[in-house]
Amino acid sequence: YKCVCCNFYSCCCCFCFTKRVAAVRQGEIGIIEKFGKFVRVAEPGEVLLDAPMGPCVPFETLQRTMNLRVRQQPVDTNTKTKDNVFVTIQVVVLYRIPDARMAQLAAYKLQDLKSQLNSFVDDTLRTTIAKVDIDDVFTMSHELAAAV
C-alpha cells in the first residue's frame, strides 16, 4: 500500500496520522489555532500542524493569514475649520503589520481594520483642522501627518 501523503510503501504511516501540512505565502503570516484558541504564529513557508487523529479531527488549523506588506487606505474627511468653512480633505494612509506579535494583536483585537482606521483618521483630522483657519489648512500638511 502506498501512502498518499508521503509516498512511502507501508500499511500505516505514523507521520501522516499525526501531522498535516499547510502553506503560508511569502509576505504573509499565519495564525494557528487549536480548537479555536490561539496557539502560535506561523512564518512564511510550510507549516506542520498537529493532527493526531488524522485529517478527520484537525487539532491545529491555519485559521487565517495576515498580509505583512505595506498597504494604503484612502480616507476622505469633511470637516469645519475655526472660521466655519467646510473643507473636504483627501488623505492616503500607508500602514502595515510590523511583526508577528502585532499580527496576533491585529487578528484578535481589531474587528474591521479598514473602518477602524477610517474612524481614527477622521477623528484626528477633524480635531486638528477645527483649531485653525482656512488659510492655514493648506500649509499644515506636516502637522496633519504628525497628528495621524
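At a Förster radius of 41 Å, what calculated FRET efficiency corresponds to the Cβ-Cβ distance of residue 22 and residue 94, to the nearest 0.05?
Working from the Cβ atoms, E equals 0.85.
Let me check I've understood the local charge: for residue 72, count other residues with C-beta under 12 angstrom from its C-beta, Lys and Arg +1, Asp and Glu -1. What total comes out?
Net local charge, residue 72 excluded: +4.
Please enumerate, by chain and number, the aspartates and glutamates with C-alpha under 16 Å from the C-alpha of residue 37, excluding those fewer than 8 residues away in the same chain.
Answer for residue 37, where 16 Å is the Cα cut-off: 50, 60, listed by chain and number.
Order 79-91, 24-36 from most to least packed using the mean count of other Cβ atoms within 10 Å.
Taking the mean over residues of other Cβ atoms within 10 Å, the ranking is 24-36, 79-91.
Quick one: net charge of residue 51's neighbours, Cβ under 14 Å, K/R +1, D/E -1?
Local charge sum for residue 51: 0.
Tell me, what is the FRET efficiency for residue 120 and residue 82 to the nearest 0.05, using R0 = 30 angstrom and their Cβ-Cβ distance as r?
0.85
Could you order 102, 140 so the one with the most accessible surface comes first? Probe is 1.4 Å.
102, 140
The values are calculated or read from the model by the stated rules, or taken from the named source; none is laboratory data. Model, not experiment: these values are computed from the prediction. Cβ atoms come from the backbone with ideal geometry, glycine included; neighbour counts cover every protein chain shown. Side chains are part of the model used for accessible areas, which takes the heavy atoms of the whole protein and leaves out ligands, DNA and RNA. Shrake-Rupley method; radii C 1.70, N 1.55, O 1.52, S 1.80 Å.
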